[in-house]
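The values are calculated or read from the model by the stated rules, or taken from the named source; none is laboratory data. None of these values were measured; they are calculated from a predicted model. FYI the Cβ positions are ideal-geometry reconstructions off the backbone, even for glycines, and counts take in every protein chain you see. Remember, those area values only see protein heavy atoms, side chains included, never the ligands or the DNA or RNA. Shrake-Rupley method; radii C 1.70, N 1.55, O 1.52, S 1.80 Å.
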Amino acid sequence: MEKAHIQHLYRRAGFDILPKELEILSGKDRKSVVAQLFESSKKMVPLTVPTPKIDAYLDSNTQIDRKSKAFKELIRTSRQKHVVFNRAWVNRMATTGQGLRERMTLFWANHFVVRSNNILFSQQFNNTLRTHALGNFKEFVIAVAKEPAMLDYLNNQQNRKGAPNENFARELMELFTLGVGHYTEMDIKEAARAFTGWRHDSRGTFKLTNRIHDDGEKSFLGKTGLWNGEDIVRIILEQPACAHFIAEKIYRHFVNEETNSNHIEELAIVFRKEYQIADVMKYLFMADWFYDPKHMGHKIKSPVDLLVGLMKTVPFTWDKAKELKYIERLLGQVLLEPPNVAGWAEGRSWIDANTLMIRLKLPSVLLNDGEIAFDVKGEFEDSFEAFDQKNNFRRKLAITKNWNRFKANYGALTYDVLVFHILGASVSKETNHFLKTLEKEDQRNFCIQLMSLPEYQLC
């Protein structure tokens, strides 16, 4: 397998590949490389942050008083822990050997979209995504539907017999499984009835409350029976549109925003057989058309991809978790804070005049002690407001860089080979001409200059 193809695979299926790993894989056949990619992500390692104050409060069995000072302090603690979890997730993506599982976790986080103020629910949901990221899609959808973060976010906690709340049922079909045009308003109403009584307790444990569950007959997508929520999911997956909807979303994210109907149908056929996510992803990564030059180096990196890529090449840590969140907000993607239930639009929406300037300057800011303006508007906690008031417009970030790791990974490479590892194989003639004008006396500075080019925004 060609090095350029392996690099393309690992940039789309993970978060890039280091030179030594690329050398080991180069020359192996595609089946072996793809098999190793999946084998490395076989195990699920949960990601959590310690929450002692919240745990102690729940263990005390204190009756929750949402107006009490103690409860408000827990809310503040939860917000702070979200910032810490955000950093932990970014660090995991940058350092893990399970690149495919983490890539899929990130992908599904922008498919099954939630937003919660409860850190326990947020990290539980995140680990549910991680657990099922390469598993059976039916089991995945049911697990997501029972998550406290989802039950709260789409109001199923308020869904009861006689007064069904349709929010979850609508998004289940519109955004999670079928897409617009493959169901009716009556299907939404009947599905909502099937999910009545799906709730959670204060610890986030799912429970079916029978007294508010509608156990009557329901007609859904042409079938009539005493359907419950799991029956609804089963019937949805029987619709040909479901596999096609997910296949198209996978294609747009992993291949190209400009779709190919034949290739999408290939993926849908594989997915429809048993709804095994790993099967469809293996088919995708084995397909010749996945490695077509028109797909290589033409996808705009998401803000998270950009940050993780920088961290993987030149390992560094965020000494202050809140600074990472500031940078994410400047770039337009704060993990755990999607803009709405549809998530981030991705693609060209990542780039505008402001974000492009920030992106091009970011390598210098992070790796060469540059300054950045923290003039951010938005909803911030008190701690963020206090932070933002100090030296708002010119600030250096608290970053601990590990250039020794960079040297160990890239130090033996020639400058031409370094260009390939940083920018990839799809470098234009104009850029190649420009690269010849760059100084090549310091590998660190040369690397930062490469990362500051517009081409680095693509993968």
Open item on the list: List pairs: first residue in the range 253-279 and closer than 18 Å to Lys294 by Cβ, second residue at pLDDT 95 or above and open to solvent by 30 Å² or more (accessible area, probe 1.4 Å) anywhere in the structure, Cβ distance under 6 angstrom, at least six positions apart or on different chains.
Closed with: His263/Trp289; Ile264/Glu248
- [ ] Among the numbered conditions (1) of a type in the set (Gly, Ala, Ser); (2) under 23 Å from Asp279 (Cβ atoms); (3) open to solvent by less than 20 Å² (accessible area, probe 1.4 Å), tell me where Ala109 comes up short.
- [x] (3)
Task: Hits in the range 413-437 (condition: part of a loop (DSSP other than H, G, I, E, B), in contact with a helix residue (DSSP H, G or I) (Cβ under 8 Å, 6 or more places away or on another chain) and open to solvent by 20 Å² or more (accessible area, probe 1.4 Å)) - done: Leu413, Ala425, Ser426, Val427, Ser428
Task: Filter pass, Ala194 being free of Cβ contacts under 8 Å to residues at least 60 places away in the same chain, of a type outside the set (Asp, Glu), surrounded by 20 or more Cβ atoms within 10 Å (Cβ to Cβ) and under 24 Å from Gln276 (Cα atoms) - done: no
- [ ] Enumerate the helices (runs of 4 or more DSSP H) found wholly within the range 1-57, keeping only those where 1 or more residues are of a type in the set (Gly, Ala, Ser).
- [x] 3-13, 30-40
Task: Tally, over the range 342-366, of residues that are open to solvent by less than 30 Å² (accessible area, probe 1.4 Å), hydrophobic (A, V, I, L, M, F, W, C) and either touching a Gly at 6+ places or on another chain (Cβ under 7 Å) or closer than 20 Å to Lys249 by Cα (or both) - done: 1
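Please verify whether Lys31 is without any contact (Cβ under 8 Å) to a residue 60 or more places away in the chain and surrounded by fewer than 17 Cβ atoms within 10 Å (Cβ to Cβ), treating the condition exactly as stated.
Here the answer is no, as Lys31 does not meet what is asked.
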- [ ] Looking only at the range 210-222, count how many residues are surrounded by fewer than 21 Cβ atoms within 10 Å (Cβ to Cβ) and either farther than 10 Å from Asn159 by Cβ or modelled with pLDDT under 95 (or both).
- [x] 8
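I'd like to check something: does the range 140-149 contain any residue that is surrounded by fewer than 19 Cβ atoms within 10 Å (Cβ to Cβ), within 24 Å of the chain's Cα centre (by Cα), touching a residue at least 40 places away in the same chain (Cβ under 8 Å) and part of a helix (DSSP H, G or I)?
Yes, the range 140-149 contains at least one residue that is surrounded by fewer than 19 Cβ atoms within 10 Å (Cβ to Cβ), within 24 Å of the chain's Cα centre (by Cα), touching a residue at least 40 places away in the same chain (Cβ under 8 Å) and part of a helix (DSSP H, G or I).
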Task: Condition check for Lys282: among the basic types (Lys, Arg), open to solvent by 70 Å² or more (accessible area, probe 1.4 Å) and in contact (Cβ under 8 Å) with a residue 60 or more places away in the chain - done: yes
TODO: Considering only residues that are without any contact (Cβ under 8 Å) to a residue 12 or more places away in the chain and either touching a Lys or Arg at 6+ places or on another chain (Cβ under 6 Å) or among the small types (Gly, Ala, Ser) (or both), look in the range 57-72 and name the one that is farthest from Leu120 (Cα to Cα).
DONE: Ser68
- [ ] Inspect all residues belonging to the range 388-399 and state whether any of them is open to solvent by less than 90 Å² (accessible area, probe 1.4 Å), among the charged types (D, E, K, R) and modelled with pLDDT of 80 or more.
- [x] yes
- [ ] Considering only the range 156-187, state which residues are over 21 Å from Glu139 (Cα atoms) and either open to solvent by less than 50 Å² (accessible area, probe 1.4 Å) or of a type in the set (Lys, Arg) (or both).
- [x] Asn159, Arg160, Lys161, Asn165, Glu166, Tyr183, Asp187
